[in-house]
Structure formats: C-alpha cells, structure tokens
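Q: This is the structure I want to talk about, given as structure tokens.
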Amino acid sequence: QVQLVESGGGLVQPGGSLRLSCAASGSIFSSLALGWYRQAPGKQRELVARITSGGSTNYADSVKGRFTISRDNAKNTVYLQMNTLKPEDTAVYSCKANLGVQVYWGQGTQVTVSS
C-alpha cells in the first residue's frame, strides 16, 4: 500500500511560480512510476508530467518548457516545479503512482492562477 500526500498549492499571479510536492509512504518509492495530473472545473483530468523509476520524463505539450517534474528517492518525494504560470493552469493537481498494475492517487492540491 502506498499513500500519497500533495502539498504546495495555492494562489499565484500570472507569470509566477509554485513547486508542488508529493510525499509517498512505504519502502518501494524508487520502483514507482510517478505522475502529476490536473483537473480544471468542467474538464477531464489530464496528464501534466510523469517520471519513470529510471528518471525518464515526459510532459503535456501545454506545459513543456514551463514545468519540470523531478524525484528524490531518498526523501520519497516527487516534485512539480511550475514556472510562468498562466490562468489556464488553474486546476486541482494530483499525484499518481504506478507499481505494475497497482495505481495510487493522492487527494490533490488546488492551484489557482489569478491576478
């Protein structure tokens, strides 16, 4: 069983930055594939970025060049550094972990980009 707890969301002005964190319980963190997803009101949840256990990453086109996903296996934590934020980045951001066919989700953290 893996529990995921996100933090770091909040209100930020357009052009600003935030760093989201997702801390995981358990001793298998280094084996997990991890991802950040977001869901805006009235829209479907979408993939933002993901990172494999080996450190390979990929991003949604809408965030390429602005967001960076990283992981610290010593701290059991995955991060999402978000720069040059736009109002359309407003959403609930959730962390997801995969281990084989097992899938785990965090509770989500709200990010609001507004002036």
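The values are calculated or read from the model by the stated rules, or taken from the named source; none is laboratory data. These numbers were taken from a predicted model, which means no experiment stands behind them. Every residue, glycine as well, gets a Cβ built from its backbone with ideal geometry; the counts of neighbours run over all protein chains shown. The area values use the complete protein model at the heavy-atom level, side chains included, leaving out ligands, DNA and RNA. Shrake-Rupley method; radii C 1.70, N 1.55, O 1.52, S 1.80 Å.
Q: Quick one: what does P(r) look like for the range 39-82 with 5 Å bins over all Cα pairs, in whole %?
A: 5, 20, 27, 22, 16, 8, 3, 0
Q: Continuing with this model, one more query. Accessible area per residue, 1.4 Å probe, Å², for the chain: what's the number?
A: In whole numbers, the chain has 52 Å² accessible per residue.
Q: In cubic angstrom, how much convex hull volume per residue do the alpha carbon atoms of the chain span?
A: That works out to 93 Å³ per residue.
Q: Further question on the same structure: Could you put LEU47, LEU4 in order of accessible surface area, largest first, with the 1.4 Å probe and the full protein assembly present?
A: From most exposed to least exposed: LEU47, LEU4.
Q: Let me ask something else about it. Using a 10 Å Cβ count of at most 16 others and DSSP loop calls, identify the longest part of the chain lacking such trypsin sites (Lys or Arg not before Pro).
A: It works out to 1-42.
Q: Over the alpha carbons of the range 1-43, what is the largest minus smallest coordinate on each principal axis, giving the biggest first in Å?
A: 38, 24, 14
Q: Pop out the carbon and sulfur fraction of the accessible area of the chain as a percent, whole number, probe 1.4 Å.
A: Ligands and nucleic acids excluded, carbon and sulfur give 46 percent.
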